[in-house]
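S.K.: Handing you this structure, nothing more for now.
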Amino acid sequence: MNNGLAKTANATTLAPKMYQEIEQGENVARGCVEVIEIIAYDATKTPRRHPTEKDGTPGEIKKDRDGNILYEEKGRAPYFCQDSEDSMIFSEKNPEVRTETFNIQLRKNVAKKYIDSPRNIEAFKEVK
């Protein structure tokens, strides 16, 4: 303290970043980057049913080839990454969910916003 005033820190802490400048392939549009979009589905306790012919009656419960009951799924908001290794980390961290992955192209500034969002970074932290 000097003259009754408190000193402030000289340095700032940088926010964590996941976005990387990676060389893009020939099939990527100018100003865009290719990212991996991951959509995760959580199973619910409600079984899936076939559509009914009559109104108001519940349809027959759907089963897979092995006779196991199929349950309805609720999708989460998408997650984004640039590396297939990151998508494997996401799967290891969330073994109870079913995931679908898509390679998509996003504008560079939009990709940075999505990839560096706190919600997205939290989903890809390494499993210890």
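The values are calculated or read from the model by the stated rules, or taken from the named source; none is laboratory data. Nothing here was measured: the structure is a model prediction, and the numbers come from that model. FYI the Cβ positions are ideal-geometry reconstructions off the backbone, even for glycines, and counts take in every protein chain you see.
S.K.: Asp66 fails exactly one of the following numbered conditions: (1) surrounded by 12 or more Cβ atoms within 10 Å (Cβ to Cβ); (2) out of contact with any Pro (no Cβ under 7 Å at 6 or more places or on another chain); (3) of a type outside the set (Gly, Ala, Ser). What is the number of that condition?
M.R.: It fails just one condition, (1).
S.K.: Something else now. Between Glu100, Glu92, Glu53, Glu85, which is acidic (Asp, Glu) and over 30 Å from Val33 (Cα atoms)?
M.R.: Glu53
S.K.: Kindly indicate whether Gln20 is out of contact with any helix residue (DSSP H, G or I) (no Cβ under 8 Å at 6 or more places or on another chain), part of a loop (DSSP other than H, G, I, E, B), polar (S, T, N, Q) and touching a residue at least 40 places away in the same chain (Cβ under 8 Å).
M.R.: In short, yes.
S.K.: Sticking with this structure for a sec: Please find, among Asn68, Asn103, the residue that is modelled with pLDDT of 90 or more, closer than 21 Å to Tyr114 by Cα, out of contact with any Gly (no Cβ under 7 Å at 6 or more places or on another chain) and among the polar types (S, T, N, Q).
M.R.: Just a single option satisfies the conditions, and that option is Asn103.
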